[in-house]
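Down below is the structure, laid out as structure tokens.
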Amino acid sequence: MKKLISSYLLTFLSFSAFADTLLQDKMQIHGFASQGFIQTTDNNFFGDSENGSFDFTELGINASFQLSPKIRLASQLISRRAGEMYNGSLWLDYALADINLVQGDNFQLGAYLGRIKNPLGLYNDTRDVAHTRQGVFTPQTIYFDKVRNISMSSDGIQFYGDYQFENGTLLVQGGIGFPIPDKNIEIVYMGQDWEGSLDNNDLALIGRIMYEYNGGEWIFALSGASLELDFDATLSDSMIPLIGFNDGVLAIDYTIVSLQHNAEKWQFGKA
Amino acid sequence: MDKLIKIIFIAWLQFFTPTSVAQILIVHPDIPNFELSRNNIRSIFAMRTQQWPDGNPIHLFVIDDNNSLHTSFCKHVLGMFPYQLRGIWDRQIFSGTGIAPTSVSSVQEMREQVSNTPGAIGYIESDQLNSSVKPIGELL
């Protein structure tokens with residue numbers, strides 16, 4: 001049986017800055033920085049954690065600019081160091097145009113265009129930001145770190161809308177986009193880093209429907225993604241006996257049911 | 001006799017209940033009287049609704065999270081806890097899907113900003129209301 005007991009120290013700071021008073025209404029800049037310490041009794045997680053690991057650093061900076069009353073631009077750069085999986089190089093987390101299409105008395109409808117965070121579960125959108133998640137790590141059964149980039153963001157279009165009912169608010173976000181694969185996908189799903197590559201030529205479907213009852217006292221959500229990646233094998237990949245790969249398709253389907261209860265001092269989540 | 005007891009009881013209540021200060025919503029004086037439900041107000045404070053029903057932009061002001069006025073306002077007027085609002089704003093800020101409201105540090109600053117910023121909405125204690133801003137608490 002796997003045993004993972006972790007003790008941790010996690011510090012974070014976040015800051016907000018406003019460019020200057022003239023731009024204040026239109027421009028917002030925010031950032032975050034966190035450093036983790038992980039110690040485990042068995043199994044290493046993010047570095048040599050059996051002897052205590054500091055290999056868990058998350059940094060980010062983002063900006064939002066209101067171009068016109070209906071169009072807003074936003075982007076975030078992150079650097080994430082996590083064991084041997086991520087080395088801290090800069091990563092374009094999202095870069096999008098937010099277009100507000102319709103605003104009614106009780107509803108609104110809009111679209112995001114560009115690189116968009118995938119709305120999966122309740123935390124995927126901001127899982128790298130320490131002070132927005134409930135634990136040191138997000139639960140690995142839902143928010144896999146091993147193949148995170150593919151579930152983090154996608155390049156495409158997503159529509160969003162909300163409707164305010166008498167007792168709560170319905171929020172919907174979803175659309176299509178090209179997933180963003182990296183070498184970790186091959187290692188996790190295909191056993192090793194192959195010479196061939198996974199292509200993201202096929203559009204993925206991503207979506208979330210969420211109901212916030214009574215201002216978020218109870219939150220119910222259903223979210224999911226469905227995607228396919230084409231593997232283009234090289235000759236040497238297919239020559240390897242027994243475990244060799246020819247060209248093929250890697251299909252991933254992912255559904256998450258989430259429930260959260262918010263009380264004054266307690267928050268319960270179930271996914 | 002019953003009536004007398006009732007009167008005495010009411011007088012007793014009046015005497016012993018401390019004058020309660022309520023938190024009320026205030027808007028810029030030029031904003032017309034819109035009918036807003038509690039969920040409409042929540043949506044404005046979540047920074048989701050960003051336009052008044054007439055199409056003009058909303059400018060939301062809030063007081064720092066740990067200020068007791070903010071806590072009371074969240075609990076009594078919105079029926080939410082401050083950490084829930086902060087969670088919604090953070091999710092929007094760090095996923096690029098929205099922005100945070102403008103933060104002020106005192107009731108005086110709140111009243112000043114709301115009275116000087118077109119489209120502004122905020123909140124204060126009812127005993128600090130003056131004619132520079134317009135209360136809309138009665139609609140709730």
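The values are calculated or read from the model by the stated rules, or taken from the named source; none is laboratory data. Please read all numbers here as calculations on a predicted model, not as lab measurements. Cβ coordinates were reconstructed from backbone atoms using ideal geometry, including for glycine residues, and neighbour counts include every protein chain displayed. Each accessible area value is taken on the protein alone, full model and side chains, heavy atoms only, with ligands, DNA and RNA left out. Shrake-Rupley method; radii C 1.70, N 1.55, O 1.52, S 1.80 Å.
Checking the conditions here, which among B:Glu125, B:Glu35, B:Glu109 is open to solvent by 10 Å² or more (accessible area, probe 1.4 Å) and within 13 Å of another protein chain (Cβ to nearest Cβ)? B:Glu35 is the lone residue from the list that is open to solvent by 10 Å² or more (accessible area, probe 1.4 Å) and within 13 Å of another protein chain (Cβ to nearest Cβ). Residue count for region A:213-249 satisfying the condition of being among the hydroxyl-bearing types (Ser, Thr, Tyr), more than 22 Å from the chain's Cα centre (by Cα) and away from chain B (no Cβ under 14 Å): 3. From the list A:Asn149, A:Asn118, the lone residue that is modelled with pLDDT of 90 or more and either surrounded by 19 or more Cβ atoms within 10 Å (Cβ to Cβ) or more than 9 Å from chain B (Cβ to nearest Cβ) (or both) is A:Asn118. Applying the criterion of being surrounded by fewer than 17 Cβ atoms within 10 Å (Cβ to Cβ) and assigned to a strand (DSSP E or B) to the residues of region A:62-72, the residue that is farthest from the chain's Cα centre (by Cα) is A:Ser68. Of the residues making up region A:172-192, those that are modelled with pLDDT of 80 or more and either part of a loop (DSSP other than H, G, I, E, B) or of a type in the set (Phe, Trp, Tyr) (or both) number 2. Checking B:Thr117, B:Thr71, B:Thr49, B:Thr102 one by one, the residue that is hydroxyl-bearing (Ser, Thr, Tyr), open to solvent by 30 Å² or more (accessible area, probe 1.4 Å) and within 14 Å of chain A (Cβ to nearest Cβ) is B:Thr71 and no other.
Tally the residues that are of a type outside the set (Asp, Glu) and open to solvent by 60 Å² or more (accessible area, probe 1.4 Å), restricting the search to region A:227-239.
2
Please find, within region A:69-106, the residue that is nearest to the other protein chains (Cβ to nearest Cβ) out of those that are among the β-branched types (Val, Ile, Thr) and closer than 20 Å to B:Gln50 by Cβ. Out of the qualifying residues, it is A:Val102. Looking across region A:51-61, the residues that are of a type outside the set (A, V, I, L, M) and open to solvent by 50 Å² or more (accessible area, probe 1.4 Å) come down to A:Asn51, A:Phe54, A:Asp55. Selection within region B:101-126: residues that are more than 14 Å from B:Phe73 (Cα to Cα) and among the charged types (D, E, K, R). The member of this set that is nearest to the chain's Cα centre (by Cα) is B:Arg111. Please specify each residue of region A:161-210 satisfying the condition of being surrounded by 16 or more Cβ atoms within 10 Å (Cβ to Cβ), more than 13 Å from chain B (Cβ to nearest Cβ) and over 23 Å from the mean Cα position of the chain (by Cα). Result: A:Trp194, A:Gly196. Across region B:74-94, the number of residues qualifying as touching a helix residue (DSSP H, G or I) at 6+ places or on another chain (Cβ under 8 Å) and facing chain A (nearest Cβ under 8 Å) comes to 10. For first residues located in region A:230-253 and under 10 Å from A:Gly196 (Cβ atoms), partners that are aromatic (Phe, Trp, Tyr) and open to solvent by 60 Å² or more (accessible area, probe 1.4 Å) and lie 6+ apart or on another chain with Cβ distances below 6 Å form the pairs A:Ala233/A:Phe245; A:Asp237/A:Phe245. Answer yes or no: is there a residue in region A:134-144 that is within 13 Å of chain B (Cβ to nearest Cβ), surrounded by 15 or more Cβ atoms within 10 Å (Cβ to Cβ), outside any strand (DSSP E or B) and not polar (S, T, N, Q). No: region A:134-144 contains no residue that is within 13 Å of chain B (Cβ to nearest Cβ), surrounded by 15 or more Cβ atoms within 10 Å (Cβ to Cβ), outside any strand (DSSP E or B) and not polar (S, T, N, Q).
Number of residues in region A:76-107 that are open to solvent by 30 Å² or more (accessible area, probe 1.4 Å), at pLDDT 90 or above and under 15 Å from the mean Cα position of the chain (by Cα) equals 3.
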